[in-house]
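Data block below; observations after.
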Amino acid sequence: MINFRQFKKDALSQLKGRWNVPVLVTILVFAILYPISYALSKSESLLKQHGEYSLIIEILVSALSGIIVTALSYFYLKMSRTQVKMSINDFLVGLGDYYLPGILGFLWYMLWVTIWSMLFLIPGIIKSISYSMMFYIIVENPGISVTKAMNISKVMTFGHKSEIFCFAMTFLGWFILSCLTFGIGFFWLVPYMSLSSANLYTALKMEAILRGTLTPSDFTE
């Protein structure tokens with residue numbers, strides 16, 4: 001049984017006195033992604049007329065998203081396991097050291113989630129949860145292949161998908177409140193959610209090892 005409250009309580013404790021850098025990182029990510037999403041929305045009709053360019057842009061946006069998601073996974077996993085103050089450099093290290101596996105991992109992730117979503121919405125959601133731990137696995141185990149990271153994520157989340165979904169839903173109220181603040185609340189919600197998720201990853205990994213479905217050697221290439 002996943003202890004939602006404990007992961008969130010631990011996240012708040014880990015953020016105490018250390019909010020400033022995670023908030024700055026979130027602002028930086030928004031500053032990168034917002035202009036891109038705005039530009040795409042403005043050129044949507046043009047892209048529909050040129051399908052080949054639309055596909056290329058979607059791949060490029062997915063690649064950028066993969067780099068950012070992996071860097072955030074590195075940043076918050078490190079923050080969850082140390083009491084020292086973080087710096088922007090910790091996020092930049094994630095960007096620089098894991099950009100290639102981030103790109104490959106996110107494209108592989110999106111490919112399979114899209115394939116399952118074509119069957120129906122529910123299978124797509126289930127698979128997105130099943131693969132949700134792979135980016136933490138990638139940054140914690142440099143050199144591991146994205147396919148192996150995905151397979152390990154499936155093992156870690158086995159039997160916990162409904163719990164993980166409910167865990168995500170516990171942030172719904174905060175999400176709505178952040179929208180009502182014209183998005184400003186997300187600068188604090190994202191760190192809170194991200195650290196809670198990093199704590200969830202550590203707990204799922206430990207449980208899988210304790211029950212014997214994974215061994216420490218499984219996390220090496």
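Taken together, the values in this text are just the output of simple stated rules run on the coordinates, not laboratory data. All values derive from a computational prediction rather than experimental measurement. Every residue, glycine as well, gets a Cβ built from its backbone with ideal geometry; the counts of neighbours run over all protein chains shown.
Structure notes:
- Percentage of interatomic Cα-Cα distances in the chain larger than 30 Å: 23
- Cα-Cα P(r), segment 67-166, percent of pairs per 5 Å interval: 2, 14, 21, 21, 19, 12, 7, 2, 1, 0
- Most positive-pole-ward Cα, 99, 117, 134, against dipole of segment 86-168 from beta carbon charges: 117
- Structure note, pairs 85/205; 85/161; 8/127; 8/205: Cα-Cα distances above 28 angstrom occur for 85/161.
- Space enclosed by the convex hull of the alpha-carbon atoms of segment 133-221, per residue, Å³: 95
- Segment 68-141 and segment 1-30: distance between their alpha carbon centers, rounded to Å: 16
- Radius, Kirkwood style, for segment 181-221 when every pair of distinct Cα atoms is counted (Å): 12.2
- Contour minus Cα-Cα distance for residue 118 and residue 31 (0.36 nm per residue): 28.1 nm
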